[in-house]
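Accompanying notes for the structure given below.
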Amino acid sequence: MKLYLMQHALAYSAEENAERPLSPAGVEQAKAAARGIKRLGLSFDLIIASPKRRAQQTAALIAEGVRFPYSDILTTEAILPDSTPHDLFALLQKESAESRVLVVGHLPHLAKLASDLLRGGELLIENAGLTCFDISGTRSAKLEFHLRSGQLVL
């Protein structure tokens, strides 16, 4: 399974709008991300989104950009900000090993999920690829990005 993680695009603050929809800049940010995903040649068998409006809007804009049917976006509370990665892992077990799944959610859930995936896992480093860790803090390293060589030449 290929699992792609995306935090929702920029949203209004709670003070500006209690529902926290995407701001105009967030809408443009999500559309640009969709164009980038398409340019990378990625597609998804499943898009999973949090029920929060900002995640739903981001997922819809990504779906539109990659021609994924809106009606097939799976909404689940398993990726709300304070959910545990275990909840999502249980949901993903139903998917085939060949599935390509995009999860559109929130922090801190996505960060916990990524940390759990890296812990005891392996990171594929390839020729002319580029991986960036931030080790400036006293905590453990933070993965900033990981690009394959083919992604660097786009």
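The values are calculated or read from the model by the stated rules, or taken from the named source; none is laboratory data. For clarity, every value in this text was computed on a predicted model and none was experimentally measured. Positions of Cβ are generated from backbone atoms using ideal geometry, with glycine treated the same way; all protein chains shown enter the neighbour counts.
The residues listed here are TYR12, TYR70; of these, the one that is touching a helix residue (DSSP H, G or I) at 6+ places or on another chain (Cβ under 9 Å), farther than 21 Å from PHE145 by Cα and crowded, with 16+ Cβ neighbours inside 10 Å is TYR12. Of the residues making up segment 81-97, none is over 22 Å from HIS146 (Cβ atoms), of a type outside the set (Lys, Arg) and at pLDDT 95 or above. The single condition from (1) exposed (fewer than 13 other Cβ atoms within 10 Å of the Cβ); (2) within 12 Å of the chain's Cα centre (by Cα) that ARG39 fails is (2).
On inspection, ILE47 does not qualify as among the β-branched types (Val, Ile, Thr) and assigned to a helix (DSSP H, G or I). With respect to (1) of a type in the set (D, E, K, R); (2) within 17 Å of the chain's Cα centre (by Cα); (3) at pLDDT below 80, the lone exception for ARG139 is condition (2). Scanning segment 87-106 for residues that are of a type in the set (A, V, I, L, M) and loosely packed, with under 15 Cβ neighbours inside 10 Å returns ALA90, ALA97.
Looking at ARG67, ARG53, ARG35, ARG39, just one residue is on the phi < 0 side of the Ramachandran plot and modelled with pLDDT of 95 or more, and that residue is ARG53. The residue that is nearest to PHE145 (Cα to Cα), among those in segment 15-51 that are of a type in the set (Asp, Glu) and touching a residue at least 24 places away in the same chain (Cβ under 8 Å), is ASP45. Look at (1) farther than 18 Å from LEU110 by Cβ; (2) part of a loop (DSSP other than H, G, I, E, B) and you find that ALA32 fails only one, number (2). The residues of segment 15-28 that are in a helix (DSSP H, G or I) and either among the aliphatic types (A, V, I, L, M) or crowded, with 17+ Cβ neighbours inside 10 Å (or both), listed by number, are ALA25, GLY26, VAL27. In the set THR84, THR58, only one residue is buried (at least 20 other Cβ atoms within 10 Å of the Cβ), out of contact with any Pro (no Cβ under 9 Å at 6 or more places or on another chain) and in contact (Cβ under 8 Å) with a residue 24 or more places away in the chain; that residue is THR58.
Would you confirm whether any residue within segment 1-12 is at pLDDT 95 or above, assigned to a loop (DSSP other than H, G, I, E, B), over 24 Å from LEU117 (Cβ atoms) and not aliphatic (A, V, I, L, M)? Within segment 1-12, one or more residues are at pLDDT 95 or above, assigned to a loop (DSSP other than H, G, I, E, B), over 24 Å from LEU117 (Cβ atoms) and not aliphatic (A, V, I, L, M).
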